[in-house]
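Q: Would you mind keeping the following structure in view while I ask a few things?
The values are calculated or read from the model by the stated rules, or taken from the named source; none is laboratory data. Keep in mind that this is a model prediction, so the values were computed, not measured. All Cβ positions, even for glycine, are placed from backbone atoms using ideal geometry, and neighbour counts span all protein chains on display.
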Ligand code: NDP
């Protein structure tokens, strides 16, 4: 059995706990939180983050479930000196820096870290690489959604006159259809995505003013086709509590002037954190197995051979899936 620890108990941490129950070769040793372990809503053993030092010999791999903004950049390098780790770090612009920090940490402790193992980054990254390697003459396009964007929801909730809100990012279906047909397209994040807001107005707020404040918000909404729906608090609670997401990676290319080829990978997720956690758990299996083989240092989804993700022996995989 592969012994696993969960660090951080938010959406992702709960998702990892649920997914570990589906993995018959892995067992949860404990959940480690900066908050009082007794306050966590779980039946699993829970401990303070600071107690991790007592578990260095009892855990094969830690799955780091903290936030990417401030938790992972600190906890990743701290823990990768003492444990093999897997994370879902998703700050694309800081990835090279994080990779270097984790390289130094793993070298200091002779440990293995597999970083950025979710769906984006993660499975989408892998498919962007595959598409471009297989179709060198072509272009790669990423579309996100339909999905709940936490950052945009936060931004709308900060607008004067908004009591509560959610925001969905929606891919531009017409643009995707043109790409699949091999047409020349003008693709940028503004043309590729639409934004849909469901907001509850505060008492006395003017809907026109609130709508204008939302659609003109720089960085978040300006330049996007944005629709704002005003709904009741009851409707928001009834219909907008899930965390759906997904998207498409499309590589459109030519292998000869006559042959237009489309490579496409897509995800349609009812729960973003539970699916991300499912990917993390498969890579945790890989980390434990690679570490057992003596591999140390930092790896990404580009480095890990797929056979390590599966609990099934390679002979079975060849017979059944090749
Ligand atoms: P959360 O905000 O739910 O949790 C982050 C951390 O905050 C937890 O680990 C927990 O740490 C703390 N926390 C959680 N709930 C509470 C609370 N009620 N009060 C105080 N602290 C709390 O984030 P998610 O789990 O949704 O996401 C984690 C990260 O996963 C994101 O930052 C994102 O970057 C990444 N992600 C990556 C994806 C990918 O494809 N690569 C996809 C989706 C997400 P503690 O228990 O120590 O207090």
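Q: Does any residue of segment 258-273 turn out to be within 16 Å of the ligand (Cβ to nearest atom), at pLDDT 95 or above, assigned to a helix (DSSP H, G or I) and buried (at least 20 other Cβ atoms within 10 Å of the Cβ)?
A: Within segment 258-273 (the criterion being within 16 Å of the ligand (Cβ to nearest atom), at pLDDT 95 or above, assigned to a helix (DSSP H, G or I) and buried (at least 20 other Cβ atoms within 10 Å of the Cβ)), the answer is yes, since at least one residue qualifies.
Q: Further question on the same structure: I'm checking my understanding of the structure. Among residues of segment 1-30 that are within 12 Å of the ligand (Cβ to nearest atom) and within 12 Å of residue 61 (Cβ to Cβ), which one is surrounded by the most Cβ atoms within 10 Å (Cβ to Cβ)?
A: Out of the qualifying residues, it is 16.
Q: Now a separate question. Considering only residues that are in contact with a helix residue (DSSP H, G or I) (Cβ under 7 Å, 6 or more places away or on another chain), crowded, with 19+ Cβ neighbours inside 10 Å and assigned to a helix (DSSP H, G or I), which ones fall in segment 284-307? Can you show your working first?
A: Start the filter on segment 284-307 by keeping residues that are in contact with a helix residue (DSSP H, G or I) (Cβ under 7 Å, 6 or more places away or on another chain), which leaves 285-286, 289-290, 296-298, 301-302, 304, 307.
Adding the requirement that they be crowded, with 19+ Cβ neighbours inside 10 Å leaves 285-286, 289-290, 298, 301, 304.
Those that are in contact with a helix residue (DSSP H, G or I) (Cβ under 7 Å, 6 or more places away or on another chain), crowded, with 19+ Cβ neighbours inside 10 Å and assigned to a helix (DSSP H, G or I): 285, 286, 289, 290.
Q: Tally the residues that are more than 12 Å from the ligand (Cβ to nearest atom) and surrounded by fewer than 21 Cβ atoms within 10 Å (Cβ to Cβ), restricting the search to segment 107-140.
A: Here the count works out to 16.
Q: Shifting gears a bit: Which residues, counting only those in segment 222-247, are in a helix (DSSP H, G or I) and surrounded by fewer than 17 Cβ atoms within 10 Å (Cβ to Cβ)?
A: Matches in segment 222-247: 233, 234, 235, 237, 238, 239.
Q: Scan segment 44-60 for residues that are within 16 Å of the ligand (Cβ to nearest atom) and assigned to a loop (DSSP other than H, G, I, E, B) and jot them down.
A: 44, 45
Q: Would you say residue 33 is within 23 Å of residue 97 (Cβ to Cβ), within 10 Å of the ligand (Cβ to nearest atom), assigned by the TED database to the domain that holds residue 101 and surrounded by 17 or more Cβ atoms within 10 Å (Cβ to Cβ)? Working first, answer last.
A: Values: within 23 Å of residue 97 (Cβ to Cβ): no; within 10 Å of the ligand (Cβ to nearest atom): yes; assigned by the TED database to the domain that holds residue 101: yes; surrounded by 17 or more Cβ atoms within 10 Å (Cβ to Cβ): yes.
Criteria not met by residue 33.
Q: Any idea how many residues of segment 69-106 are near the ligand (Cβ under 10 Å from one of its atoms) and farther than 17 Å from residue 49 by Cα?
A: First, pick out the residues of segment 69-106 that are near the ligand (Cβ under 10 Å from one of its atoms): 69-72, 75, 87-92.
Subsequent filtering for residues that are farther than 17 Å from residue 49 by Cα retains 69, 88-92.
Residues meeting the conditions: 6.
Q: May I pose another question? Report those strands (runs of 3 or more DSSP E) wholly inside segment 81-175 carrying at least 2 residues which are in the same structural domain as residue 245 (by the TED database).
A: Working: elements: 85-87, 112-114, 138-144, 162-171.
The strands (runs of 3 or more DSSP E) meeting that bar are 138-144, 162-171.
Q: Scan segment 248-257 residue by residue and report those that are away from the ligand (no atom under 16 Å from the Cβ) and buried (at least 18 other Cβ atoms within 10 Å of the Cβ). Can you show your working first?
A: So the first thing to find is which residues in segment 248-257 are away from the ligand (no atom under 16 Å from the Cβ), and the list is 250-257.
250, 251, 252, 253 - these are the residues of segment 248-257 that are away from the ligand (no atom under 16 Å from the Cβ) and buried (at least 18 other Cβ atoms within 10 Å of the Cβ).
Q: Right, residue 219: assigned to a loop (DSSP other than H, G, I, E, B), more than 16 Å from the ligand (Cβ to nearest atom) and either at negative phi or not assigned by the TED database to the domain that holds residue 88 (or both) or not?
A: On the way: assigned to a loop (DSSP other than H, G, I, E, B): yes; more than 16 Å from the ligand (Cβ to nearest atom): yes; either at negative phi or not assigned by the TED database to the domain that holds residue 88 (or both): yes.
Taking the combined requirement at face value, the residue satisfies it.
Q: If I ask for residues that are over 16 Å from residue 34 (Cβ atoms) and surrounded by fewer than 24 Cβ atoms within 10 Å (Cβ to Cβ), which ones from segment 69-82 would you list?
A: Of segment 69-82, the ones over 16 Å from residue 34 (Cβ atoms) are 77, 80-82.
Correct list: 77, 81, 82.
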